[in-house]
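The structure under discussion appears below in the form of structure tokens.
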Amino acid sequence: MSIYIHFCSEIFTNINNLTEMEKNRFLIYVVFLFVSLTAAGQKGAIKGKVFDGAFPLPGAIVQLNGTQKSASTDFEGSYNFTGVDSGTYEISVTYVGYQKYTQTITIEPGKVTVIPGILLSASSNDLDEVVVKEHSRRLSEAKALNIQKNAINLVNVIAADGIGKLPDRNAAEAVQRVPGVSIERDQGEGRYVAVRGLPAEWSSTTMNGNRIPTAADEGASRATAFDFFPTEMIGYVEVSKALTPDIDGDALGGSVNFVTKTAPSKFTVDASLGLGYNAKSDKGVYSGSVLVGDKSKNGKFGYIVNFSQWNRNWASDNFEARRSGDEGVYRLELRDYTGVRKTTGFNGGFEFNPNERNKFYVKLNYGKLLDEETHFKHRIRFDKFNTATNTGRIELQNIYNELNFDFYGGEVGGKHIGNKGVFTWSLATYSTQFYYGNVPDKQNNSYYSVFFKQDGVGFDPAYIQNKGNGPRAYWDSDGGYMNPDNMFGYLSNSNFQDSANLMNFTTLELYKVGVKERDNIVAAVNYEFDVNESLKLKVGGKFLDKDRIATFSDEFYNWTGAAAVPKLSDYGQYNILQPGRTDYLKELNTNIGNSFGAVLSPTGMNQFYKDNFFNGNLTLSESDSEILENGGGLGRNFNVDETHASAYGMATYKISDKLTFLGGMRATNTNTKVSGYQFDVTPENPDGVLSKVTKTKSYLSLLPMLHLKYTPEENTNLRLAATRTFTRPDFGYLAPGGTYLAADNEYDGGNPNVNPTYSYNFDVMGEHYFGRLDVVSAGLFYKVITDPIFMDTKQGDINGHTGVEISQPMNGDNAWLFGAEVSGNKKFDFLPGFLNGFGVQANYTFTKSKMTIPGRAGTTSLPRQGDHLANLQLYYEKGRVNVRAAYNFKSKYITEHGTSGLKRDDVYYGAYSALDANLTFKISDHFTIFAEANNLLNDKLEYYYGDDSRPKQVEFYGIRGQMGIKWSL
């Protein structure tokens, strides 16, 4: 109820914020469409649904025989025809894996003919066995393949029961098996979705067709983090790789749309409970969900309420090497993470069908990710090495935080069938917020750290050299290479040991981030009508009003108390042994964790804060801090007000029974206003002057889109597409201010004038369906990308200063990306007996790109573009048993281009492989048991400079899994 009240108040508040002219235009447009919808005529309309048992079948082809009219059922199994001449017709329904259905109907002028739910029958005994025993919930391949097969554009689809066959626990992980789709992970779990080798922020990730706010990112990206949304909330996922004009066009790579579950056709109750274990944390994993839904006997009312909770203890082992070019490692960070992560999801759907012409609905969604993290970091300071004593410094950081991400979403809408066309509308609002909890208290919500240092620690001098840039660690003689076999060799010195008695306090850090982004109003209207039997037109518009408030500071407090600087041992009652220390980085066959001494517990950290923060013992060090007062964090302190207004028109023309054309144009106007800060340090103002600055930018994006679908025979499709799409600059790039330092004559800032990035996309894809659920497909795609954004450093004039070294985002030269995609699904049903339950799904995507960065010699690849992406699933599915093993591979790619132009300074994300497994067994009509395991290979996540002999970050997550039971009524 609180979610519903929040949603309604947001809707009415934001409508009232519109100007009178905007309100009038909106109302006139809606009235005009309703008038055109309800215009009288002598033609009639048809409305119906297609089912398998009690469950809808999306992607079924419904043909009005004797005419050119045909339709594909939507995600709710619904279809409709408008502009039908009165008379008697035969209607037919076809669906892969099912028998063809025919029925005779009579159309009366000016009326909507409602066809009672069409119930399809399986086309074979084997499939019929699955339908009966599995209650039709194991036919995800059939649902997905039929939607893909019958779509005009290039699209991949996953159904809810298909997601449930694998141990993918959040929305991002659900799509990693789709050809050409990859994910980026956080602590071993999927977070961001990338399509066709392009950065996540260059693709569109939406819910029910609307792109939601992106405040989950600590930075200022437009990429949507979907780790807050459990898979139990998802009905379907559709990945559009070649867009049509009725889809938002801000998606260079593609559009990934998560469709939430809607009201079932009969009373349904589902529940699940799972218990598991995380090997790295040596603690438990727990999950549970419940779904209740129904429709009234007369079909007028329907609802679904779905709740999910997933709590897991997690841990990761990490080391990070800090370098200065090729000058070896000056600091090695040994990071040990433990935490408790809780994901909560709610989905509510309500619908009202007052008559055969009209439908109204409400959708309410809520998601929350709470991550309670404890982190201990040991920093090995090779740059503090003393050659006279062969000793150096160890720094200990005790870190605790409660990371929160909250999502609220609500939508109302309707569908109205007239004699000549169908009118749909929706009005939605979404809100996301990223923030830290009450650590160390409500006044200073932070990523909270307490630092200590210990000098005089023994290092093995064999690994340390000074080549003119201070002491650095070298593991080989040729410039900074690190050999995992001996990288911890400095431990051979027996004096390398942490000691609480020698650990002196240095700094208390409060790292503060707050991002709140709201899509206050997302309003959309669409009207689709038949001009004749061969030509269908669709027009519509969409308006979005967005605001984003981002605040940031990184505060460091030093000891200024009268008493002696505290030692770690002074808080001995709060000293603990670091969790997991003896197994730390065991994957590298090291016992380095045994050198870790006592650390400060979260309770001790809070006590240290209470004892010292408010009594004068600690003072803010402005020179060390990144705060607005000293020109720090300007690129992360800003407000954004943005509106998107789009209109489109498209035509679908059936040239013949085998050839269909779809074409149209989408026009999107973007207005952005960004308010931030400028900081100038000059001889006249040596302490710097902070001032507010506001910049605006508007641009119109014209996006033509053309598609051809050729079907030489019923089970073969060839698709061609030529489209134009774009992506808006990240919010951080648009920050209007910057910091100017006169002493260095340097300026570092954003660039509100940076242009959006556009792409001309060309696709060709062929596919052939055979057997019941088998398919092979292959295709090529090519993208010509204009105005990609990169970080530029050059000499120039800015803000009245001349000859300044300016660092800010700029638009680069054109780039291109080429790719090839192949996919197949085959069940070995031709084998005898037990063996015919085996099957395989596989796909492979190859991409190659080139871009030119001004000032850098030669060419390089686009950021986050990996050459190879592969998925392989081996499964056994027969009767009550379903077993799957899923392998996922992503090759290396560049994440950050170095300013030197040398490969050794480019940062790469290393190749990554994952293997997951899932087993379900239906023990009765109502109960199913399951077991799942993730990350069975425990492959390392790795970032490195140039090649993997120069690691920047290496991280291990361990294996996790759970077992449980599902109950369905």
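The values are calculated or read from the model by the stated rules, or taken from the named source; none is laboratory data. Predicted model only: the values in this text are computed from it and were never measured. Cβ atoms come from the backbone with ideal geometry, glycine included; neighbour counts cover every protein chain shown.
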Unmet requirement for residue 830, which otherwise passes all of (1) assigned to a strand (DSSP E or B); (2) surrounded by fewer than 18 Cβ atoms within 10 Å (Cβ to Cβ); (3) modelled with pLDDT under 90: (1)
It is to be established whether one or more residues within region 468-477 are within 30 Å of residue 345 (Cα to Cα), touching a residue at least 60 places away in the same chain (Cβ under 8 Å) and either touching a Gly at 6+ places or on another chain (Cβ under 6 Å) or surrounded by fewer than 22 Cβ atoms within 10 Å (Cβ to Cβ) (or both). no
Qualifying helices (runs of 4 or more DSSP H) (wholly inside region 134-223; at least 1 residues being polar (S, T, N, Q), closer than 27 Å to residue 713 by Cβ and modelled with pLDDT of 80 or more): 140-150
Residue count, region 639-671 (criterion: at pLDDT below 95 and acidic (Asp, Glu)): 1
Looking at region 742-756, can you tell me whether even one residue there is aliphatic (A, V, I, L, M), crowded, with 16+ Cβ neighbours inside 10 Å and outside any strand (DSSP E or B)? yes
Could you tell me whether region 526-547 includes any residue that is more than 30 Å from residue 414 (Cα to Cα) and assigned to a strand (DSSP E or B)? no
Residue count for region 408-429, restricted to those that are among the charged types (D, E, K, R) and either under 24 Å from residue 344 (Cβ atoms) or not in a strand (DSSP E or B) (or both): 2
Just name the residue that is surrounded by the fewest Cβ atoms within 10 Å (Cβ to Cβ) out of those in region 865-913 that are over 18 Å from residue 197 (Cα atoms), at pLDDT 90 or above and small (Gly, Ala, Ser). 885
Scan region 375-406 residue by residue and report those that are in contact with a Pro (Cβ under 6 Å, 6 or more places away or on another chain) and modelled with pLDDT of 95 or more. 400
Residue list for region 560-578, restricted to those being in contact with a Phe, Trp or Tyr (Cβ under 9 Å, 6 or more places away or on another chain), in contact (Cβ under 8 Å) with a residue 60 or more places away in the chain and surrounded by 16 or more Cβ atoms within 10 Å (Cβ to Cβ): 566, 567, 568, 578
Just checking, which of 570, 530, 519, 547 is touching a Gly at 6+ places or on another chain (Cβ under 8 Å) and among the acidic types (Asp, Glu)? 530
Of the residues in region 339-397, those that are outside any strand (DSSP E or B), touching a helix residue (DSSP H, G or I) at 6+ places or on another chain (Cβ under 6 Å) and on the phi < 0 side of the Ramachandran plot come to none
Inside region 77-92, can you point out the residues that are closer than 15 Å to residue 115 by Cβ and not hydrophobic (A, V, I, L, M, F, W, C)? 77, 78, 79, 80, 82, 88, 89, 90, 92
Long-range neighbours under 9 Å by Cβ, at least six apart or interchain, first residue touching a residue at least 24 places away in the same chain (Cβ under 8 Å) and at positive phi within region 758-786, second outside any strand (DSSP E or B) and surrounded by fewer than 20 Cβ atoms within 10 Å (Cβ to Cβ): 771/829; 771/830
Scanning region 435-473 for residues that are within 14 Å of residue 392 (Cα to Cα), among the aliphatic types (A, V, I, L, M) and part of a strand (DSSP E or B) gives 457, 464, 473
Would you kindly identify the strands (runs of 3 or more DSSP E) lying entirely within region 250-299 that contain at least 3 residues that are surrounded by fewer than 21 Cβ atoms within 10 Å (Cβ to Cβ)? 268-278, 283-295
Can you tell me which residues in region 577-613 are part of a helix (DSSP H, G or I) and under 17 Å from residue 319 (Cβ atoms)? 581, 582, 583, 586, 587, 588, 592, 593, 594, 595
Do we find that residue 664 is of a type outside the set (Phe, Trp, Tyr), under 22 Å from residue 734 (Cβ atoms) and buried (at least 19 other Cβ atoms within 10 Å of the Cβ) in this structure? no
Among the candidates 894, 806, residue that is among the β-branched types (Val, Ile, Thr), in a strand (DSSP E or B), more than 30 Å from residue 719 (Cβ to Cβ) and under 23 Å from the mean Cα position of the chain (by Cα): 894
Going through 468, 458, 410 one at a time, which residue ends up being under 30 Å from residue 521 (Cβ atoms) and among the small types (Gly, Ala, Ser)? 410
With the first residue restricted to region 311-337 and required to be on the phi > 0 side of the Ramachandran plot and surrounded by 20 or more Cβ atoms within 10 Å (Cβ to Cβ), and the second required to be not basic (Lys, Arg) and not in a strand (DSSP E or B), Cβ contacts under 8 Å at 6 or more apart or on different chains are 328/474; 328/479; 328/480
If the requirement is being aromatic (Phe, Trp, Tyr), modelled with pLDDT of 95 or more, assigned to a strand (DSSP E or B) and out of contact with any helix residue (DSSP H, G or I) (no Cβ under 6 Å at 6 or more places or on another chain), which of these qualifies: 781, 790? 781
Filter result for the condition that a residue is touching a residue at least 12 places away in the same chain (Cβ under 8 Å) and closer than 27 Å to residue 957 by Cβ, over 160, 151: 160
On the basis of being closer than 30 Å to residue 631 by Cα and touching a residue at least 40 places away in the same chain (Cβ under 8 Å), does residue 752 make the cut? yes
